[in-house]
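Undergrad: One structure is given below, represented as structure tokens, and several questions about it will come after.
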Amino acid sequence: MQRTPTAPSSPSSTSAGFGRLLVLVYGILAVAATVRGAYQLATDGASAPLAYGLSLGAGVVYVVATLALGRGTPGARRVAWVACAVELGGVLAVGVATIVDADAFPEATVWSSFGQGYGYVPLVLPVVGLVWLARTRRGAASSTTVGPATDPTDPTDPDPKDAPDR
Amino acid sequence: MPVVAPLTLLVVAAALVLSGWAAWFAVTDRAVVLRQLLGAAVVEALLVVQLVVAAVLIATGSPDIEVWELWGYLVTVLLILPFAAAWAFAERSRWSSVVLVVAALTVVFLEWRLVQIWSR
């Protein structure tokens, strides 16, 4: 699943310290949602394709978030931001939808009723993930936020040392 | 179920011991040590035995259960500890112990789900 992150000394690593726990919980939820969605689609796909497809889709997003947080490179951090935001939007939207229009979701999904079936972990986890991404960024970038006058870093090239062009 | 129960209890007991051991390390601000990985390997070995026993029972007795759902849990529960233990061991802070606690408790939870599936 993981090689040791290539830059363990990076102060902003999203997988160090508390991030180690965050990635584990993300990984467990990723496996749970993906296996469940795949199983339900395979055995009972016709009865509730929306619900089961949603579970599988959510599982894929959790897999992406797990890998992105585990890597913690600048590019992976951007992916993690998007994945966590999608998860939060998904759990809120589906949570409301399952209450307003329960008929659309005859079978439970990982996001139904704000993730109640998973101990509300799907509701809490993206929030924790976003906060963690913000905190690890602040720790690394606190000095650069003040000085926009010079911006030597090209955002498309976060790692200049492998830049000799070819 | 009567054959599985003692084995399941053994797995749950071993996983709880492992989680308690790791929780003690987390409280006392220590990282996971090699001996705990060996403990995790013992739990993992019991899980493999459980998989084999369950496979034999399914093949011979064909209990009236959702076999594929059962297999999903039997296989998934095998994945937790190897990945989590390696993931924990690479972190040299108390968080590695917290990781092992959560992983061991996840195994306990999956065992509970297995018993549910098997007995309904």
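The values are calculated or read from the model by the stated rules, or taken from the named source; none is laboratory data. Owing to the predicted nature of the structure, the values given are computational and were not obtained by experimental measurement. Cβ atoms come from the backbone with ideal geometry, glycine included; neighbour counts cover every protein chain shown. Only protein heavy atoms, including side chains, enter the accessible area calculation; ligands, DNA and RNA are left aside. Shrake-Rupley method; radii C 1.70, N 1.55, O 1.52, S 1.80 Å.
Undergrad: I'd like the residue in segment B:103-117 that is at the interface with chain A (Cβ under 10 Å from one of its Cβ atoms) and closer than 15 Å to B:A23 by Cα and, out of all such residues, is surrounded by the fewest Cβ atoms within 10 Å (Cβ to Cβ).
TA: Of everything passing the filter in segment B:103-117, B:T106 is surrounded by the fewest Cβ atoms within 10 Å (Cβ to Cβ).
Undergrad: Can you name the number of the only condition in (1) over 11 Å from the mean Cα position of the chain (by Cα); (2) of a type outside the set (D, E, K, R); (3) more than 9 Å from every other protein chain (Cβ to nearest Cβ) that B:W95 fails?
TA: (3)
Undergrad: Specify which of the listed residues (A:A85, A:A97, A:A93, A:A68) is crowded, with 20+ Cβ neighbours inside 10 Å and part of a helix (DSSP H, G or I).
TA: Details: A:A85 fails: crowded, with 20+ Cβ neighbours inside 10 Å; A:A97 fails: crowded, with 20+ Cβ neighbours inside 10 Å; A:A93 fails: crowded, with 20+ Cβ neighbours inside 10 Å.
Exactly one residue qualifies, and that residue is A:A68.
Undergrad: So which residues in segment B:85-101 are touching a residue at least 24 places away in the same chain (Cβ under 8 Å) and closer than 16 Å to A:V31 by Cβ?
TA: Those that are touching a residue at least 24 places away in the same chain (Cβ under 8 Å) and closer than 16 Å to A:V31 by Cβ: B:A85, B:V99.
Undergrad: Consider B:A31 carefully, then state whether it is outside any helix (DSSP H, G or I) and within 14 Å of another protein chain (Cβ to nearest Cβ). If you could, list the steps in order and put the result at the bottom.
TA: Details: outside any helix (DSSP H, G or I): yes; within 14 Å of another protein chain (Cβ to nearest Cβ): yes.
Criteria met by B:A31.
Undergrad: For segment A:43-61, enumerate the residues that are away from every other protein chain (no Cβ under 14 Å), part of a helix (DSSP H, G or I) and touching an Asp or Glu at 6+ places or on another chain (Cβ under 8 Å).
TA: Hits for segment A:43-61 are A:A51, A:A58, A:V61.
Undergrad: Being within 9 Å of another protein chain (Cβ to nearest Cβ) and in a helix (DSSP H, G or I) is the filter here, so list the residues in segment B:50-70 that pass it. If you could, list the steps in order and put the result at the bottom.
TA: Residues of segment B:50-70 within 9 Å of another protein chain (Cβ to nearest Cβ): B:66, B:68-69.
Those that are within 9 Å of another protein chain (Cβ to nearest Cβ) and in a helix (DSSP H, G or I): B:W68, B:E69.
Undergrad: Residues of segment A:71-82 being in a loop (DSSP other than H, G, I, E, B) and in contact with a helix residue (DSSP H, G or I) (Cβ under 9 Å, 6 or more places away or on another chain), which ones?
TA: Matches in segment A:71-82: A:G72 only.
Undergrad: Which one of these is within 18 Å of the chain's Cα centre (by Cα) and more than 15 Å from B:V17 (Cβ to Cβ): B:L37, B:L100, B:L74?
TA: Of the residues listed, the single one that is within 18 Å of the chain's Cα centre (by Cα) and more than 15 Å from B:V17 (Cβ to Cβ) is B:L74.
Undergrad: Still on this structure: Among (1) crowded, with 23+ Cβ neighbours inside 10 Å; (2) β-branched (V, I, T); (3) at pLDDT below 90, there is one condition A:T14 misses while meeting the rest; what is its number?
TA: It is condition (3) that A:T14 fails.
Undergrad: Pairs under 6 Å by beta carbon, first residue within 7 Å of another protein chain (Cβ to nearest Cβ) and within 17 Å of A:W132 (Cβ to Cβ) in segment A:13-35, partner among the charged types (D, E, K, R) and open to solvent by 10 Å² or more (accessible area, probe 1.4 Å), six or more apart or different chains?
TA: Correct list of pairs: A:R20/B:E91.
Undergrad: Another one. A:L67 - would you say it is closer than 20 Å to A:T98 by Cα, within 13 Å of another protein chain (Cβ to nearest Cβ) and modelled with pLDDT of 85 or more?
TA: On the way: closer than 20 Å to A:T98 by Cα: no; within 13 Å of another protein chain (Cβ to nearest Cβ): yes; modelled with pLDDT of 85 or more: yes.
No: the conditions fail for A:L67.
Undergrad: Restricting to segment A:35-51, count the residues that are touching a helix residue (DSSP H, G or I) at 6+ places or on another chain (Cβ under 7 Å), open to solvent by less than 40 Å² (accessible area, probe 1.4 Å) and more than 12 Å from A:W111 (Cβ to Cβ).
TA: Going through segment A:35-51 one residue at a time, the tally reaches 2.
Undergrad: Quick one: is B:A88 out of contact with any strand residue (DSSP E or B) (no Cβ under 6 Å at 6 or more places or on another chain), assigned to a helix (DSSP H, G or I) and farther than 17 Å from B:T28 by Cα?
TA: No: the conditions fail for B:A88.
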